[in-house]
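Note sheet for the following structure.
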Amino acid sequence: MDTIKQFASEFFVTGDPLILGAQVSIGLTMVAIVFVLSYFRKWGWLWREWLTTVDHKRIGIMYVICSILMLFRGGVDALLMRTQLALPGMEFLHADHYNQIFTTHGVIMILFMAMPLMFGLFNIVIPLQIGARDVAFPFLNSLSFWLFFWGAMLFNMSFVIGGSPDAGWLAYPPLSGLEGSPGVGQNFYIWGIQISGIGSLMTGINFIVTILKMRAPGMGLMKMPMFTWSTLASCLTIILAFPILTITLFLLFMDRYFGAHFFTLDAGGNPMMYINLIWMWGHPEVYIVILPAFGIFSEIVSTFAKKTLFGYKSMVFALMSISIASFFTWAHHFFTMGSGANVNAFFAVTTMIIAIPTGVKIFNWLFTMYRGRIKFTTPMMWTISFIPCFVVGGMTGVMLSVAPADFQFHNSYFLIAHFHQVLIGGVAFGFFAGLTYWWPKMFGFKLHEGLGKWAFWLWNIGFYVCFMPQYFLGLDGMTRRMYTYDFDMGWGPLNLVSTVGGFLMGIGFLFQVWQIAHSIKFMQKDTTGDPWDGRTLEWSIPSPAPLYNFATVPTVSETDDWWATKQRRAAGVPDAPAPALEPIHMPKHSGIPFVMSFFWFVAGFGFVFDWLHFVIPGLAGVAICMLVRSFQYDTDYYIPVDEVRRTEAALRGGKA
């Protein structure tokens, strides 16, 4: 019995009332989920309709649900940190717990919130926008999601089992090495990110092939919607950047498990090599998540200004040039580390150059709105609010790129304010806009506009109240990652204001949850399929889209082809005769992605604790799943014409 008690005390995180409360909450939530599924006999439905699905739309919805849950987790972390810093000398969190929270907050918000929300929108929108029936590799798409899911579960498990990582969101050695972090928290970091990162890489490959090979007839590259262009730019960056992350974490794993010295000064290693490698992935990662937001803003501005996007070709050039230039800026994150004047000058100039295509996009959106018939819907309000926010974030980014000045700004709260200005004002606002915009296409009803605007104002006011003071705190010498400060530093009032702003954003999130719940309960179904009077192909089909997306594959002749079709109809020009319906080729659902990813989770859990009795069965399970899939030939089927005709008649009210 004593042995079991000893094991449990080391296995579970104990001694902190906040974590104990979280453990109880997690336990009760799991019991409630099991009870509800059992009571309503939904286990079979869950397996057939969701866990084994390869339908890109359902996979997209699962990504979105996970990202909202991760936004809640990462947001709670942020509020805990802001509470600790609200007043001088606060003892709300102890130092170790604070270190864990700022580490998990960064990892979760970037890799387990922003990335899946982006992938969710890719899945939901891209095949519909290019006139395809699915992605190029549906099985791989499902596997990508489940690898992300189980990787995220592994990382989040460290909260209650073993202990969270506490070496910062980029885990610089030697702090992240075995001597600096002897616990298992850093192992959770490595394997949680590694498993989900493999899924991210596969998603990048999948959508590049989908966009390049599966566009509707007539949709040349320069007729693609701007969100599709931004997705292509983001995925190209993914396939070049994520292998660097995979190798970097593998080398860190070798250091921790096998006593290698890649990143220690012993035996010829060098921690600066890690810092270079991690930022060779880390800086492009910022553009990976923000490029799709640029595409979302372009779609929304064009739709709600009732105008063709101004400067389409220059926008494409801007997106692709940012994707390339993002790989030549990484050293600006450590100007102060003694790289030398020439190296600093090169990376300062390359960083400043990125401001040029970024500025091009801002002017394109402004000129698109100029003399447009603007409708101030919630997606449009998120878009308009992004522009001043991102301009400030961009200008402070140029300030940080000035190498001599960076010696003052480096590692201060000025950097924290800039980073959040870009990632919340750019990525989060962009994805909120996109989620609201394409919500009717996902579920067949719009989100409540009034509650959405309440959320918008709370988020925006809270954002400026939270982060504007942090610029001044940084200029006043407050460094990041400090968990407390004395009265005589004079930082108390600005920190208190910043904390109030953080909680306003938290209330904004609650309004978003209320908005979703209210809209589900009192939903007003969209019977048009085109509630925003959209411009691109996804609005030409019913909402939610049928399993096969398009009864017949459309032929494209214009950039905004659906808008052009509506204009021709308004002018009395009849549509070209629709081709005859044919059986539709579709992929079969498969449970292998779920099972294989679970085995990856088992193996990862074994690596975390160095338990070979988990590692070996986990890896063996992965290998068996790959073998089974290799010999599986019954992987597709055809939807008969009669079924397509019945579905179209039901969705279009008898107008098939």
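A few points about this structure:
- Whole-Å distance, taken between Cα centres, linking segment 389-435 and segment 275-324: 16 Å
- Dipole magnitude of the chain, debye to nearest 20 (Cβ charges: Lys/Arg +1, Asp/Glu -1, about Cα centre): 2320 debye
- Of the complete DSSP H runs in the chain, those spanning 30 angstrom or more by Cα along the long axis with a mean Kyte-Doolittle score not below 0.5 are 17-39, 56-85, 185-213, 226-258, 271-305, 378-401, 449-475, 492-521.
- Accessible surface calculations at 1.4 Å, restricted to protein heavy atoms, place segment 244-297 at 33 Å² per residue.
- Inter-part distance where segment 570-643 and segment 26-90 are each reduced to a Cα centre, Å: 22 Å
- Contact order normalised by residue count of the chain, Cα under 8 Å, 6+ apart, percent: 17 percent
- Listed by chain and number, the lysines placed with their C-alpha closer than 16 angstrom to that of Lys566 are Lys306, Lys307; residues fewer than eight positions away on the same chain are left out.
- Total formal charge among the other residues, if their Cβ is under 11 angstrom from that of Gly106, Lys/Arg +1 and Asp/Glu -1: +1
- In this simple spin-label approximation, Met337 and Ala571 carry label points 7 Å from Cα along the Cα→Cβ vector, and these lie 5.9 nm apart.
- Surface composition of the chain: carbon plus sulfur atoms contribute 71% of the solvent-accessible area (1.4 Å probe, protein chains only, all chains present).
The values are calculated or read from the model by the stated rules, or taken from the named source; none is laboratory data. Everything quoted here is computed from the prediction, not taken from an experiment. Cβ sites come from the backbone with ideal geometry, for glycine too, and all protein chains shown count toward neighbours. Each accessible area value is taken on the protein alone, full model and side chains, heavy atoms only, with ligands, DNA and RNA left out. Shrake-Rupley method; radii C 1.70, N 1.55, O 1.52, S 1.80 Å.
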